[in-house]
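The values are calculated or read from the model by the stated rules, or taken from the named source; none is laboratory data. Predicted model, so just to flag it, every value in this text is computed and none were measured. All Cβ positions, even for glycine, are placed from backbone atoms using ideal geometry, and neighbour counts span all protein chains on display. The accessibility values were calculated without ligands, DNA or RNA, using every heavy atom of the protein model including side chains. Shrake-Rupley method; radii C 1.70, N 1.55, O 1.52, S 1.80 Å.
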Amino acid sequence: MDALDRVLPWHQAVWAQLMRLHDSRRFPHALLLDGPHGVGKQQLADALVSHMLCAQPGSMPCGQCHSCQMLASGYHPDLLRISPEEGKRQIRIDPIREVNRFVSQTAQQSGYRVIVISPAEAMNTAAANALLKSLEEPGGKTLFILLSDVPSRVLPTIRSRCQQWSLPTVDFAQCRGWLIEQLNSEEEAHFWWQVSAGLPLLAVELAAPDQRTLRHQLHDTFEQLMRGAEPVSEAARLDRQALDAILWYGITWLEDLIRFGLSGHPSGLHNTDLIPLYRQALKNGRVQDWFRLLDYAQEQRRLLAVGANPNPQLVLEAWLVRWAALLRS
């Protein structure tokens with residue numbers, strides 16, 4: 001599969017800009033691709049990897065050279081991918097030491113060496129500091145590609161050594177055809193694009209059966225809380241392993257709720273099927289209380305991202321207790 005096949009429709013303009021830089025020999029040695037989860041950063045990075053490692057790249061990899069064939073097989077000696085170990089949330093210093101050894105070696109295929117680090121904000125301070133020298137003096141024909149959902153969490157010293165490309169949310173017109181192909185109907189495509197807040201790959205994730213089931217279960221949970229259900233019991237019904245997704249849903253619903261409460265009309269809401277739930281919630285709680293609950297949910301999700309939430313069940317219980325207090329006030 002060539003690079004242009006891998007570039008998502010809404011990233012074609014960004015790809016064209018990157019190729020112009022490459023063709024004019026002004027391509028940076030380090031890129032930071034940032035944007036929310038679901039916008040397609042990994043796909044753009046993969047297209048760049050294919051292009052940079054090809055022995056005979058034109059506007060796309062040739063797909064025939066030994067380098068392209070190795071990459072297609074799943075292994076290339078001049079490509080190093082760094083991410084947290086399975087079950088871990090941080091990138092520690094040892095993998096970055098491997099990066100430093102990697103960039104000190106000659107490329108085996110006499111072309112580029114490419115290092116992909118994802119997510120860049122997962123590097124702890126020691127790891128990020130250990131990367132600085134390689135970012136400053138990478139040697140010729142070396143490309144770092146750093147991916148980040150939250151670039152503000154990447155050390156400023158790392159960001160300053162990369163050329164930053166921000167990938168924004170996507171208008172429906174830009175991803176309509178692709179989403180219809182993935183979800184089989186325009187109605188489904190538009191609904192899940194709206195729920196995802198303009199993030200097409202996230203829309204496909206949310207439309208998967210297990211995620212639909214979780215969303216339905218959460219909807220039922222909040223309806224039960226409004227009817228007086230015990231929040232600790234409701235928390236026990238939820239899968240604590242899905243805590244990040246549960247908090248994400250809660251945050252997006254709270255943002256809708258606040259927007260609805262401030263404007264008084266439903267235009268611009270992401271979850272239009274939840275309007276009856278929002279109307280009832282707004283009767284019971286004040287908008288400033290919903291802001292406080294939103295701050296709490298965002299902080300809990302941030303702590304979860306850095307591995308600082310020791311007991312997911314307690315987080316779920318505390319969060320639903322706060323929801324219940326507002327829904328019944």
Study note, to complete from the structure: For K141, the lysines lying under 18 Å Cα to Cα, once residues fewer than eight places off in the same chain are dropped, come out as K133
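Can you give the local net charge around P200? Use residues other than it whose beta-carbon is closer than 13 angstrom to its beta-carbon, Lys and Arg +1, Asp and Glu -1. Provide the component values of the computation, followed by the final result.
Numbers: positive: K41, R176; negative: D171, E181, E188, E205.
Counting the neighbours of P200, the net charge comes to -2.
Only Cα pairs under 8 Å and at least 6 apart count here; give the relative contact order of the range 125-260 as a rounded whole percent. Walk me through the numbers on the way to the answer.
Values: 55 pairs, mean separation 17.4, N = 136.
This gives 13 percent for the range 125-260.
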Point to revise | Positive minus negative residues near P156 (Lys, Arg vs Asp, Glu; Cβ under 15 Å) | key: 0
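Run lengths n ≥ 4 of DSSP H only: what is the helix-derived mean residue ellipticity at 222 nm for the chain, with -39500 (n - 2.57) per run over all residues, to the nearest 500?
Details: 16 runs with 184 residues, N = 329.
It lands at -17000 deg cm²/dmol.
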Exercise for review: Please compute P(r) over all alpha-carbon pairs of the chain, binned at 10 Å starting from zero, and give each bin as a whole-number percent.
Suggested key: 5, 22, 28, 23, 14, 6, 1
Exercise for review: Roll a 1.4 Å probe over the protein heavy atoms and report the accessible area of M226 in Å², nearest 10.
Suggested key: 50 Å²
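Quick one: pull the percentage of alpha-carbon pairs in the range 182-329 with a separation above 26 Å.
Details: 2493 of 10878 pairs.
Of all Cα-Cα distances in the range 182-329, 23 percent exceed 26 Å.
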Review point. What number, in percent, do you get for the relative contact order of the chain if the mean sequence gap of Cα pairs under 8 Å and at least 6 apart is divided by its residue count?
Key: 17 percent
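Summarise the accessible area of the chain (1.4 Å probe, protein heavy atoms) by the percent that is carbon and sulfur. Walk me through the numbers on the way to the answer.
On the way: 7910 of 16010 Å².
Result for the chain: 49 percent of the exposed heavy-atom area is carbon or sulfur.
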Check your understanding: What accessible area per residue comes out for the chain, rounded to a whole number of Å², with a 1.4 Å probe?
Key -> 49 Å²
Practice item. May I ask for the longest run of the chain untouched by trypsin sites (Lys or Arg not before Pro) that are loop-located per DSSP and have at most 15 neighbouring C-beta atoms (other than their own) within 10 Å? Key: 142-226
Point to revise | C62 accessible area, assembled protein chains, probe 1.4 Å, Å² | key: 50 Å²
